[in-house]
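Everything below concerns the one structure shown next.
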Amino acid sequence: VAGSAIFEPLVDFKGEHLNVAKISDSGKKLRKNWTSLWTVLTSDQLFFYKDKQESGLKPGGKTDIVQLCGAVIEWTTEKSSRKNVFQITTNTGSDYLVQTDNYSTASKWYQAIRKTVDSSTKD
Ligand code: I3P
């Protein structure tokens, strides 16, 4: 794991399937490909696991770890035809679209990630 942060999921954000499309990597545009990923939020990182079985104390090879320090999160209606889509842009220029059909679930994750972005960026 990059960095030395303790992997400690936030209460109520220990894991849920969300639809995720990474649309750019370090500023390079990627072809949009929505995937259902097992999503876990800690106090400064967002983990996208291929599936629930891969989640645990030590994130493995296929896990995408999103550093939330310095990131930007916003709802978007322009980047997808889907509903309840928000975009996370990292400070290294990677972009993720995150979506789920249930508005309250999408909103719950949006609020928690935004709070995490704000608090980890202040440090
Ligand atoms: C894309 C696929 C995506 C869609 C995207 C399409 O086609 O249908 O689901 O995004 O729209 O280009 P393909 O599988 O051939 O790559 P949404 O579901 O988010 O609308 P886009 O090009 O308008 O982003």
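The values are calculated or read from the model by the stated rules, or taken from the named source; none is laboratory data. Computed from a prediction, not measured in an experiment: that's the story for all the values here. Virtual Cβ from ideal backbone geometry, glycine too; neighbours counted across all protein chains shown.
Side notes on the structure shown:
- If the condition is being more than 20 Å from W75 (Cα to Cα) and under 12 Å from the mean Cα position of the chain (by Cα), then region 14-43 contributes G15, W38, T42.
- Search result, residues across region 78-99 that are away from the ligand (no atom under 11 Å from the Cβ) and in a loop (DSSP other than H, G, I, E, B): N84, T90, N91, T92, G93, S94
- For D12: the one exception among (1) at pLDDT 85 or above; (2) not in a loop (DSSP other than H, G, I, E, B): (2)
- Whichever residue in region 95-123 is surrounded by 18 or more Cβ atoms within 10 Å (Cβ to Cβ) and hydrophobic (A, V, I, L, M, F, W, C) and, among such residues, is farthest from P9 (Cα to Cα): L97
- Checked against the criterion of being touching a residue at least 24 places away in the same chain (Cβ under 8 Å), farther than 18 Å from L10 by Cβ and surrounded by fewer than 17 Cβ atoms within 10 Å (Cβ to Cβ), the candidates T92, T76 yield just one match: T92.
- Condition met for V66 (within 16 Å of the ligand (Cβ to nearest atom), crowded, with 16+ Cβ neighbours inside 10 Å and at pLDDT 95 or above): no
- Selected residue (criterion: farthest from S104 (Cα to Cα)) from residues of region 7-29 that are within 12 Å of the ligand (Cβ to nearest atom) and touching a residue at least 40 places away in the same chain (Cβ under 8 Å): I23
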